[in-house]
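Participant: Take a look at this one; I'll ask things after.
Nothing in this text is a laboratory measurement; each read-out follows from the coordinates by a stated rule. Everything quoted here is computed from the prediction, not taken from an experiment. Here the Cβ is made from the backbone with ideal geometry for all residues, glycine too, and neighbour counts use every protein chain on show.
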Amino acid sequence: MKKRSLAHNNATTSPVKKNKILKEIRNNYQLFLLILPPLAYIIIFKYIPMYGVQLAFKDFVATKGIFGSPWVGLKHFDRFVNSYFFPRVMKNTIGVSLYGLIAGFPFPILLALALNSTRNKLYRKTVQMSTYLPHFISTVTMVGMVMQFLNPRFGMLAEVAKFFGKEPLNYIGIPKYFKSIYVWSNIWQDTGWGTIIYLAALSAIDPSLQEAAIVDGAGRFKRIIHIDIPGILPTIVIMLILRSGRIMNVGFENIFLLQNQLNLPASEVISTYVYKVGLGGDKGMIPNFPFATAVDLFNSVINISLLLSMNWISKRLTDSSLW
Amino acid sequence: MTKKIKISRKDIMFYLINDGFLFIFLIVTLYPMIYFLSSSFSSPRAIIMGKVWLWPVEFTLKGYKAVFQDSYIMTGYRNTIFYTIAGTMLNVVLTIMAAYPLSRKDFKLRNTIMMIFAFTMLFGGGLVPTYLLITNLGLKNNWLVMVIPGAITVRNVIITRTFYQSNIADEMLEAAKIDGCSDFQFIRMVVIPLSKSITAVMVLFYAVGHWNSFFNAFLYITKRSLYPLQLVLRDILIKNALDASGMDDSRTYADNQNIEELLKYSLIVVSAFPVMCLYPFVQKHFVKGVMIGAIKG
């Protein structure tokens, strides 16, 4: 802003143009004024915590605050990597994520292809509308529904088990079922919503390709194989790459709400572990701020490097990337 | 001619299978929702006995009565409505304030500020430093914590900015400037009226986010009178911490137990109801928002 006005000042002296310059400065001033509150928000609520990440390399002394506490190097990272929880938490995080990716990834694609090939517009709209719906259910409500569904006393699954003459189990308390419960409830909730991007890619396919194939005598199924799927392949590849970039990034809410003492061996992931060691969790453990910050940072660094490398691969392979 | 019929016959098979496939998706999606809706209208006895499969059994509104009589739930409901309205208003105003300057090619600081914003999508301070900041700011157990820490979502700023870039022509700005229009006037008289659809998308994205948000309240609110609906839901649905015994003295303990079970179903319906009702009307807008976000996310 300053630079430009200076340049203009040097070049011109006439009062009319000077007026113009003043006006431009004032205009930009207005834009700056507009963006100031959002910028202040971002700096306070995003950048100050980033500065606080140094806690990961310090021992927290409450009286000295984050910035005055003594440096201890990589002590907390060292402790985490060598801790009893490390293999468990890593295994669960990657396991639940990978399971979700492998099981969940194909569904939106299949649904989008099927939606795109149905001839009845009303039917298509109905299916679309209905499958988008679960996306808007809150995590807490969703977990509540899962709990009711799995309730060993009068949940639906218990009734089904009784119908087949089996003793209903407390499914949510059995570690080996945890990942499936988490993954499949997510699939139920997000498959419909996930089709949006594929449907858009499908609608962008040149209709003349379809017409040409019809003239050549290709049936609808053949056209899916030879036109639709190749048409959305770049989108599929990007989505796959981006999802695998987030493989270590498992959200907190869903897992945490599904957790209980019994399924903990299978359900403790990095984000829930950070919460428990950092803020004490529910049971009144002694909070360890620096250690939790270190675990969090460890995870963030892995996330960023994964995302950046996957983005780089995507750029090389498909010529498209996040930015 | 004959060939054509043969092809379409093969296709008919395909369409049948395809529509059947879609039907499976439809049923799998809708059935659980219908089941919960029907259960919420059934008698406690029918639920305990596992008699509800598709339609309500022994139709009753007892569950809803229990929900609306519970002051804990109603307080949560009121709080959430308040947080959603206040939060969404702040969100939308700040998002427009950020998105418009960032969409202006002649705004020199545009790229720098964009970088500052976008970097936060990649890296954050994490749980503990954020927690310490919020605590130091005195926002713990303060209703403002439901509004201020999530005041802007960078992704939404980018979506809005992209919309402005492709829908507010440069010529319009030039013409307005020649007529002596200031930036503030231009936003008020041109940008906002011309971008109603993206504003609607923002209102919806943020409002649904507030309605469903759990994490901030969970971390920073321990006072029950400030609880949003989602925390109340967690107590009742997941932690089973409902005490229904005080609701009606005339019932026995067992009756109360059963009512509690029914109440859960009704509560699930009541909590999801506002968003679900709104949804068919705004579905198009949502999809539009997702698309803009996906193209230039």
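Participant: Label residue A:177 and residue B:49 with points 7 Å out from Cα along Cα→Cβ: what is the distance between them in nm?
Facilitator: In this crude spin-label approximation the distance works out to 2.5 nm.
Participant: Also: Quick test of the membrane-span-like rule: which DSSP H helices of chain A reach at least 24 Å along their long axis (C-alpha atoms) with mean Kyte hydropathy at least -0.5?
Facilitator: Membrane-span-like by this criterion, though nothing is claimed about a membrane: A:15-42, A:85-104, A:175-203, A:289-318.
Participant: A further question on this structure: May I ask you to list the trypsin sites (Lys or Arg not before Pro) in segment B:163-225 that are in a DSSP loop and have at most 14 other Cβ atoms within 10 Å of their Cβ?
Facilitator: Of the trypsin sites (Lys or Arg not before Pro), the ones in loops of segment B:163-225 whose Cβ has at most 14 other Cβ atoms within 10 Å are B:223.
Participant: Can you give the relative contact order of chain B as a percent, counting alpha carbon pairs under 8 Å and 6+ residues apart?
Facilitator: 30 percent
Participant: Give the order of B:266, B:71, A:180, A:97 when sorted by the count of other beta carbons within 10 angstrom, beginning with the fewest.
Facilitator: Least crowded to most crowded, the residues run B:71, A:180, A:97, B:266.
Participant: Continuing with the same structure: Would you mind giving the mean number of other chain beta-carbons within 10 Å of the Cβ of each residue in A:287-300, as a whole number?
Facilitator: The per-residue average across the peptide is 3.
Participant: Still on this structure, please answer the following. What ranking of A:188, B:143, B:211, B:53 emerges when the number of other C-beta atoms within 10 Å of each C-beta is taken as an exposure proxy, fewest first?
Facilitator: Final ranking by Cβ density, sparse to dense: B:53, B:143, A:188, B:211.
Participant: A further question on this structure: Amide H of residue A:58 versus every other amide H placed in the peptide plane: which residues, excluding those fewer than 5 positions away on the same chain, fall under 5 Å?
Facilitator: A:72
Participant: Of chain A, which part is the longest with no trypsin sites (Lys or Arg not before Pro) in a loop (DSSP not H, G, I, E, B) and with at most 16 other C-beta atoms within 10 angstrom?
Facilitator: Within chain A, the longest run free of exposed trypsin sites (Lys or Arg not before Pro) spans A:167-245.
Participant: For B:269-278, what's the mean count of beta carbons from other chains sitting within 10 Å of each residue's beta carbon?
Facilitator: Partner Cβ neighbours, averaged per residue: 3.
Participant: I would also like to ask the following. Rank the residues A:239, B:115, A:145, B:276 as a footprinting-exposure proxy: fewest other Cβ atoms within 10 Å of their Cβ go first.
Facilitator: Going from least to most buried by this count: B:115, B:276, A:239, A:145.
Participant: Which of the chymotrypsin sites (Phe, Trp or Tyr not before Pro) found in segment B:70-102 are in a DSSP loop and have at most 12 neighbouring Cβ atoms, other than their own, within 10 Å?
Facilitator: Sparse-neighbourhood loop chymotrypsin sites (Phe, Trp or Tyr not before Pro): none present.
Participant: Counting only Cα atoms, I'd like the Rg/Rh figure for segment B:71-225, Kirkwood definition for Rh.
Facilitator: Rounded to two decimals, Rg over Rh is 1.05.
Participant: What list of ³J(HN,Hα) values in whole Hz, one per residue of segment B:140-147 in order, does the Karplus curve 6.51 cos²θ - 1.76 cosθ + 1.60 (θ = phi - 60°) give from phi, with Gly and Pro shown as x?
Facilitator: In residue order, the calculated couplings are 5, 6, 10, 4, 4, 5, 7, 10 Hz.
Participant: Right, here's the next one. As a test of the formula, what do you get for chain A when each DSSP H run with n ≥ 4 contributes -39,500 (n - 2.57) and the sum is divided by the residue count, at 222 nm and rounded to the nearest 500 deg cm²/dmol?
Facilitator: -22000 deg cm²/dmol
Participant: To continue, here is another question. Could you pull out every residue, at least 5 positions away or on a different chain, whose amide H is within less than 5 Å of the one on residue B:125? Hs are placed 1.01 Å off N in the peptide plane, and Pro or chain starts have none.
Facilitator: Excluding prolines and chain starts, which carry no amide H, the hits are A:50.
Participant: Give me the one-decimal nm value for the distance between modelled label points at residue A:214 and residue B:89, 7 Å along each residue's Cα-to-Cβ direction.
Facilitator: With each label point 7 Å from Cα toward Cβ, the separation is 5.3 nm.
Participant: Say the cut-off is 24 Å between C-alpha atoms; which of A:46/A:179; B:140/B:196; A:166/B:65; A:179/A:276 go over it?
Facilitator: Result: A:46/A:179; B:140/B:196; A:166/B:65 exceed 24 Å.
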